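*Asks:* I have a structure here, written as structure tokens, and I will follow up with some questions on it.
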Amino acid sequence: MPGVINTVSLFIHTGTRDKVLPSIRDFLCQNKLKKMKRRDLLKNLLLTAGVLAADVTWSKSLQSAGSIKGIFPRADDQKLIAEIMETFIPETATPGAKSLKLDHFAMRMIRDCYVQNDQNLFSKGLALVDQVALGLHNKNFISGSKSERELVLKNMQESKEQMQLDFIKIIKALTIVGYQNSEYVMTNIQHYNMNPGFFNGCVPVSKS
Amino acid sequence: MAFLNINSIKDRTFDAIVVGSGISGGWAAKELTEGGLKTLVLERGRAVNHITDYPTAFKNPWEFDHLGQLPNAVKEANPIASRCFAFAEDSAQFFVKDDEHPYIQDKPFDWIRGYQVGGKSLTWGRGTQRWSEYDFDGPARDGYAVDWPVRYKDMAPWYSHVEKFVGISGNKDGLAQLPDGEFLPPHEMSCIEDHFKKQLAINYKNTRPMVIGRCAHLTVPKPIHVEQGRAQCQHRNLCRRGCPYGGYFSSNSSTLPWAEKTGNLTLRPDSVVHSIIYDDAKQKATGVRVIDAHTKEMVEYFAKVIFVNGSTLNTNLILLNSKSSRFENGIGNDSGLVGKYVAFHNFRTNIVAEHEGFKDTTTAGVRPNMCYIPRFRNVFKQETNFLRGYAAGFISSRVTYNDETLIGESLKDSLANKKYGNWRVNTGMMGETIPKETNFVSLDANLKDAWGIPLLKVSVEYDDNDEKMIKDFGVQMSEMLSKAGFKNIVVNDLVGKAPGLDIHEMGGVRMGKDEKTSVLNKWNQMHGCKNVFVTDGACMTSTSTQNPSLTFMAFTARAADYAVREMKKGNL
């Protein structure tokens, strides 16, 4: 509409009245309200329409994510993401990242909620994982043993290269947030109760 | 809902028309229908039925595709709505999207709207603090705006009337500057909030009290609430999704179904009010012109009395657009004041701080409420270099964390065992802004919306008084926190935060004693057109610092009672 001025501010709400779902208060979505190119905006709008129409959870499949060129360009990107996340949170007596399909969640978040700059950063960082693995063990990440994989991620986490640090920060945050907010963890470990029905202002930590 | 035959004038004629179904329109509907008036409520947005139209109310966190966050595409398409704290994946359905309803920001102003039955009463903050006599005295004492034509004693019985029906949780604190109301049991303060409250009492000799917020939640319902079909608040704090229990007050859960039970209500959603019809011969308003939101067809509805409750700025828009040979500049606008003296609440600064004590304690359950520090500056006399003052909201939580540096099974174990950090508090200012002629809204001469209605142009900004108040809040609250042992006090002046995000915009159609300097009389009745009443935020002469909805509801109930009595006397 000509003549209508929408002043874009960089303010992100930090008000006192409310919080988004409390379990994601430390969530790492790099939302900087950066200007998005019109082409990308349209592409994302189309994708969003599809996602919003389908009432999916991240335990269900995410068919289109792998095909988005530019964010996840390689055919086996999703498999690599799943294995990295599984290395952070492995299957034990309780489900790990792969069983909980956290790769679907992570890819959806990167596709829909990350600005282009951070999407690029993620793709470039993902491509470094095999480089680091080859340097350390002379084989790519997926071919490594559990302890070799852990060592790759530890090296990247402690790297002096900003791109490696940023990548690990994003994928680890998505792993932790996805895990902590998964149906399994919220139901069986945190005992999430949507309707607590009470508030006690001051209770001993031991009883909380 | 009554069947509408738009071909028949008789079927389009009612005793009363209420424009808007939000928090004040719902009250007008309730009171007018209870008074025996056949009432048509017009809502520009879609129907939202209590319970059945709250699609996210029972969704678990993991059932949202993006854990509550909105995708970038939605944010990019809606930069204005996205700056509102409550516009999220679970609540976006109750917010106006930017491109559907454009307006012109002559100066940056984020206008947050909810176009649906119930309006913003579905997503409001639910704070319900009464004004005091010091608030109604303010303009006369300090020489700004105009004198209110009412005082606290006029309003007190109507506050009680509204509070009993709405259900307000609160503590009787006995404060002159924040009068007690008809309260359901209060929420508890946390240990750290209680500590701060006690420290304030000692350090400031009871001149800076903190109380638990008074809020529209049914902590323990009374029979009147059960009769409305509402149940006890479940402490979900998922209010903005719509509450299937009716645990907080909304038009949808309370006033509208109540009005419907009288048999006197006709509710018509998707009805965009274009203007009020004025009849020169009768020297009265005779009805309203409505544009169907979908077919864009214009239909006229008629009534003896019209309540305008379209939300502050839209009410201004409708009045300015209601032009006739008698009122060339908009209905009731002989003074030329309609649209002027718009004000808001200054929410620009918040402060976070931590306390290292009380380490063995935390909270349990969820509280859909905050603590409230009523205005302590310039309450009883002028004492600073700025006019008026600010209230503050205050919340606390115990920081929890996990060791997230780990990898593998040790990380998984760590995530199952959260550790407790310091108590953290967050307090935000709610400052009174001074209504000024230079803060105004007007109609654009050329641009129109999809319904052929002129676009509203908003020219509202902060002034020097606001800047001084912002500084004072930072200094005073930091001192108050510091004296109570808080550390890491960080003052965030959110300089880019435009007016509007407070969602407390008020004025433009102010009440007053003199028809030359105000638009409405002490009954919210237009000086120039006695059968038109304005009882939403547009009527406000000044803003004070309290959350305003309770006062809008009290004005509405009082005005509706007056209108019913006047109609029965044949005066309208």
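The values are calculated or read from the model by the stated rules, or taken from the named source; none is laboratory data. What you see is a predicted model; the values in this text were computed from it and never measured. All Cβ positions, glycine included, derive from the backbone under ideal geometry; neighbour counts span all protein chains shown. Please note that ligands, DNA and RNA were not included when accessible areas were found on the heavy atoms of the full protein model with its side chains. Shrake-Rupley method; radii C 1.70, N 1.55, O 1.52, S 1.80 Å.
*Asks:* Return one quarter of the surface area of the convex hull spanned by the alpha-carbon atoms of the protein assembly as shown, equal to its mean projected area, in nm².
*Replies:* Hull-based average projected area comes out at 33.1 nm².
*Asks:* Tally Lys/Arg at +1 and Asp/Glu at -1 over every other residue whose Cβ is under 9 Å from the Cβ of B:Tyr341; what's the total?
*Replies:* +2
*Asks:* List the equivalent ellipsoid semi-axes of region B:268-355 in whole Å, largest first, each obtained as the square root of 5λ for an eigenvalue λ of the Cα gyration tensor.
*Replies:* Semi-axes from the Cα gyration tensor: 34, 19, 10 Å.
*Asks:* Any number yet on Rg/Rh for region B:134-249, C-alpha, Kirkwood?
*Replies:* Result: Rg/Rh = 1.04.
*Asks:* Mind checking how much accessible area A and B bury in total, 1.4 Å probe, in Å² rounded to 100?
*Replies:* For chain A against chain B, roughly 7100 Å² becomes buried.
*Asks:* Still on this structure: Considering every pair of different Cα atoms, what Kirkwood radius, in Å, is found for region B:229-307?
*Replies:* It is 15.5 Å.
*Asks:* Let me ask you something else. Express the Stokes-Einstein translational diffusion coefficient of region B:326-401 in µm² s⁻¹, to the nearest whole number, given a Kirkwood radius over alpha-carbon pairs, 25 °C and a viscosity of 0.890 mPa s.
*Replies:* 139
*Asks:* Using only the alpha carbons of region B:210-275, determine the length spanned along each of the three principal axes and report them from longest to shortest in whole angstroms.
*Replies:* 44, 27, 23
*Asks:* With Rg and the Kirkwood Rh both taken from Cα atoms, where does Rg over Rh land for region B:184-232?
*Replies:* Computed over Cα atoms, the ratio is 1.20.
*Asks:* OK, next. Suppose all protein chains stay in the model; what accessible area per residue would a 1.4 Å probe give for region B:1-86, in Å²?
*Replies:* Normalised by residue count, the accessible surface of region B:1-86 is 34 Å².
*Asks:* Here's a follow-up. Please give every one of the aspartates and glutamates within straight-line cross-link reach of B:Lys222, meaning a C-alpha to C-alpha distance under 19 Å, and leave out same-chain neighbours fewer than 8 residues apart.
*Replies:* Reachable aspartates and glutamates: B:Glu163, B:Asp180, B:Glu182.
*Asks:* Buried by at least 40 Å² relative to the chain on its own: which residues of region B:207-244 qualify, computing accessible area with a 1.4 Å probe on protein heavy atoms?
*Replies:* B:Gln234, B:His235, B:Arg240
*Asks:* Using protein chains only (no ligands, no nucleic acids) and a 1.4 Å probe, work out which residues of region B:28-65 have their accessible area cut by at least 10 Å² relative to the chain alone.
*Replies:* B:Phe58, B:Lys59, B:Asn60, B:Pro61, B:Trp62, B:Glu63, B:Phe64, B:Asp65
*Asks:* Then there is this: Between region B:367-445 and region B:302-356, how many Å separate their Cα centres?
*Replies:* Value for the Cα centre distance between the two parts: 27 Å.
*Asks:* With axes computed from alpha carbons, what is the tilt in degrees of helix B:464-483 against the longest principal axis of chain B, rounded to the nearest 10 within 0 to 90?
*Replies:* Approximately 30 degrees, to the nearest 10.
*Asks:* Then there is this: How about chain B: what cysteines have no other cysteine beta carbon under 4.7 Å from their own?
*Replies:* Among the cysteines of chain B, those whose Cβ sits 4.7 Å or more from every other are B:Cys84, B:Cys215, B:Cys233, B:Cys239, B:Cys243, B:Cys371, B:Cys529, B:Cys539.
*Asks:* For region B:1-72 and region B:274-298, what is the separation of their C-alpha centers, rounded to whole Å?
*Replies:* For region B:1-72 versus region B:274-298, the Cα centre distance is 20 Å.
*Asks:* Assuming 0.692 mPa s and 37 °C, estimate D for region B:140-191 with Stokes-Einstein, Rh taken as the Kirkwood radius over Cα pairs, in µm²/s.
*Replies:* For the chosen part, D equals 248 µm²/s.
*Asks:* Given chain B, what percent of its DSSP beta bridges are antiparallel, to the nearest 5?
*Replies:* Of all bridge pairs located within chain B, approximately 70 percent are antiparallel.
*Asks:* If the cut-off is a Cα-Cα distance under 23 Å, which lysines reach B:Lys412, setting aside same-chain residues fewer than 8 apart in sequence?
*Replies:* Result set, ordered by chain and number: A:Lys60, A:Lys79, A:Lys98, A:Lys101, A:Lys146, A:Lys154, A:Lys169, A:Lys172, A:Lys207.
*Asks:* Hull surface divided by four, with the convex hull built on the Cα atoms of chain B: how many nm²?
*Replies:* With the hull built on Cα positions only, its mean projection is 26.3 nm².
*Asks:* Could you tell me what % of all Cα pairs in region A:78-208 have separations over 26 Å?
*Replies:* Roughly 32 percent, rounded to a whole number.
*Asks:* Kindly express, to the nearest 10 degrees and within the range 0 to 90, the angle between helix B:549-568's C-alpha long axis and the longest C-alpha principal axis of chain B.
*Replies:* Result, in degrees: 20.
*Asks:* Semi-axes, largest first, in whole Å: what does sqrt of 5 times each Cα gyration tensor eigenvalue give for region B:42-106?
*Replies:* 22, 19, 8
*Asks:* Looking at this model, which pairs from B:Lys468/B:Lys497; B:Lys97/B:Lys471; B:Lys10/B:Lys530 are more than 26 angstrom apart at the alpha-carbon?
*Replies:* B:Lys97/B:Lys471
*Asks:* Okay, next question. Quick one: accessible area per residue over region B:268-322, 1.4 Å probe, rounded to a whole number of Å²?
*Replies:* Accessible surface, normalised per residue, equals 33 Å².
*Asks:* Still on this structure, please answer the following. When Cβ neighbours within 10 Å are restricted to other protein chains, what is their mean count per residue of peptide A:109-121?
*Replies:* Mean partner-chain Cβ count within 10 Å for A:109-121: 3.
*Asks:* If you don't mind, there's one more thing I want to ask. Enter the angle in degrees (range 0 to 90, nearest 10) between the Cα long axis of helix B:191-203 and the first principal axis of the Cα atoms of chain B, meaning the one along which they spread out most.
*Replies:* Rounded to the nearest ten degrees, it is 90.
*Asks:* Let me ask another. Please report, in Å, the Rg and the Dmax of region B:442-541, where both are computed over Cα atoms only.
*Replies:* Spelled out, the Cα radius of gyration and Dmax of region B:442-541 are 20.1, 59 Å.
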